[in-house]
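Some notes on the structure that comes next.
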């Protein structure tokens, strides 16, 4: 084969590679925008940035993602002083557990697929959206409400709704299915109720409910 013939065969492949690289770079640059004011563990950067890209209102919010040994696989809360600070000066802490009880090991962030990681991180960021929309009095009232099981169920259900409204329904559904398959339950009330056999309460949305809310969101557009 002549040099010109070889070049003719290679050139389209070379251009395709350049195009793919450029697209990947643009995508990464776009995701990096959402990493501003965030402290993110390197090993979880991709799923966290992907989830953050669905929450443009959090671009300037200071969020610390930290890895700790913790019974609950993921938790989100404002730092102590953040409760008293104006909305524009609050800091939120998302704790990613790297060790828990044997029963909950399959729910650790490190043991989830990429889609499941984005889904549960979307849920945690929806907590930030919810918290950040409250003033001091509302934040204190919410903290007091945490002693009520009914309040907690309603709060987690609403947090899933926020997540779906931000376009993360399919990711959340993947995580919801994983939890139910791993824990052998239909409804999931969270790790504090892991040994509870009563499944009448739907705190975190089950896959069927997520589908309904996604359908409603699509029809309202």
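The values are calculated or read from the model by the stated rules, or taken from the named source; none is laboratory data. Model, not experiment: these values are computed from the prediction. Note that each Cβ is placed from the backbone with ideal geometry, even for glycine, and that neighbours are counted across all protein chains shown.
The table below lists the values:
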item: Breaking point among (1) at pLDDT below 80; (2) farther than 22 Å from residue 97 by Cβ, for residue 146; result: (2)
item: Qualifying residue in segment 23-36 (condition: at pLDDT 95 or above and in a loop (DSSP other than H, G, I, E, B)); result: no
item: Residue list for segment 147-179, restricted to those being within 16 Å of residue 76 (Cβ to Cβ) and not in a helix (DSSP H, G or I); result: 166, 168
